[in-house]
1. List the lysines whose alpha-carbon lies under 22 Å from that of residue 214, not counting same-chain residues fewer than 8 positions away?
2. Could you tell me how far the Cα centroid of the stretch 26-79 sits from the Cα centroid of the stretch 206-220, in Å?
3. What is the distance, in nm, between label points placed 7 Å from the Cα along the Cα-to-Cβ direction at residue 221 and at residue 73?
4. Suppose each label sits 7 Å from its Cα in the direction of the beta carbon; what would the residue 202-residue 98 distance come out to in nanometres?
5. Please enumerate, by chain and number, the aspartates and glutamates with C-alpha under 18 Å from the C-alpha of residue 97, excluding those fewer than 8 residues away in the same chain.
6. How would 25, 200 line up by accessible area, probe 1.4 Å, largest first?
7. Compare 82, 208, 124 by solvent-accessible area with a 1.4 Å probe and give them largest first, with all protein chains kept in place.
8. Using the crude model of +1 on Lys and Arg Cβ and -1 on Asp and Glu Cβ, and no other charge, please compute the dipole size for the chain relative to its Cα centre, in debye to 20.
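The values are calculated or read from the model by the stated rules, or taken from the named source; none is laboratory data. Please read these numbers as outputs of a predicted model, since none were measured by experiment. Cβ atoms come from the backbone with ideal geometry, glycine included; neighbour counts cover every protein chain shown. Heavy atoms of the whole protein, side chains included, go into the accessibility calculation; ligands, DNA and RNA do not. Shrake-Rupley method; radii C 1.70, N 1.55, O 1.52, S 1.80 Å.
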Amino acid sequence: MLSSTVGLVTGGCSGLGRSAALRILRSGGSVVIADLPSQSHLAEPLVEEFGSSRCRYYPTDVTKEEDVMGALDEAENGGMGVVNATVNCAGIATPSKILGKRGVHDLELFSNVIKVNTIGTFNVNRLAASRMSSLPPTSGLRGVLINTASIAAYDGQVGQCAYAASKGAIVSMTLAMARDLAPNGIRCMTIAPGLFLTPLLEGLPEKVKEELGKQVPCPNRLGDPEDFGKLVEAIITNPMLNGETIRLDGAYRMPP
Ligand SMILES: NC(=O)c1ccc[n+]([C@@H]2O[C@H](COP(=O)([O-])OP(=O)(O)OC[C@H]3O[C@@H](n4cnc5c(N)ncnc54)[C@H](O)[C@@H]3O)[C@@H](O)[C@H]2O)c1
């Protein structure tokens, strides 16, 4: 049961973030969905279903300090209390080769992927950790920070320099963050998903999705966002999980 969980789920309007938010809500917790204003209409059904005392939406760009502070305030002012779990799912994947047909990799594009994926994750965690540290501890623990990397952190494919770097940095900061925050009773974990059937892949032709699913050894299918939500729940509820990245990929290893 996650009835004492007050979650801040970034990218919570879509895909893996939405599934994590649903998991926390269905297990009795409350959630602030922090996503870009353009996605607000996707949060409305969840707010309606679970009620605004347990589910609220706050327009958030994770790279902006004032937006993240506003999302944390939304939980406190909306009566949920201080956020004690972050689930960082806001992310972008803009492919480009370092040297491609259209020339050299655009530096702005590289910076932007790092900004949203890596700096955005760090921004949310640092501000949330500051609030969490004011909470009274339960068995020495105050909260948990959950990040989303990707197996591209290990098996970067052609065109994934920026994305792989952004996710590799999230994997690398996991242990450092866990060590920094150990005296505060705050854990930090990262999930590295493989191929998941989210809006990112849903648009592909059925045949392509089928072929991609066949490449996953076991289970022989694409990941279901619910598989991700289940791991988020396991991380929140298991206090010994800390400072580690878990691959969630059915033993899939990406080819070049
Ligand atoms: N789907 C997969 O197969 C897969 C695999 C590995 C890793 N991931 C990672 O999982 C995370 C979620 O992916 P998804 O497949 O659910 O994607 P998605 O596109 O369905 O959802 C991403 C969400 O992030 C939001 N977002 C983007 N930039 C933002 C910003 N600056 N501030 C706030 N919100 C922002 C988007 O609006 C969107 O709602 C991403 O970090 C992605 O890299 C996904």
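1. Those lysines meeting the cut-off do not exist here.
2. About 34 Å separates the Cα centre of the stretch 206-220 from the one of the stretch 26-79.
3. The modelled label-to-label distance comes out at 4.4 nm.
4. Each label point is offset 7 Å from its Cα along the Cβ direction, giving 3.6 nm.
5. By straight Cα distance, residue 97 reaches 106, 108, 155.
6. Numbers: 25 5, 200 140 Å².
Descending accessible area places them as 200, 25.
7. Values: 82 35, 208 60, 124 0 Å².
If we order 82, 208, 124 from most to least accessible, we get 208, 82, 124.
8. 620
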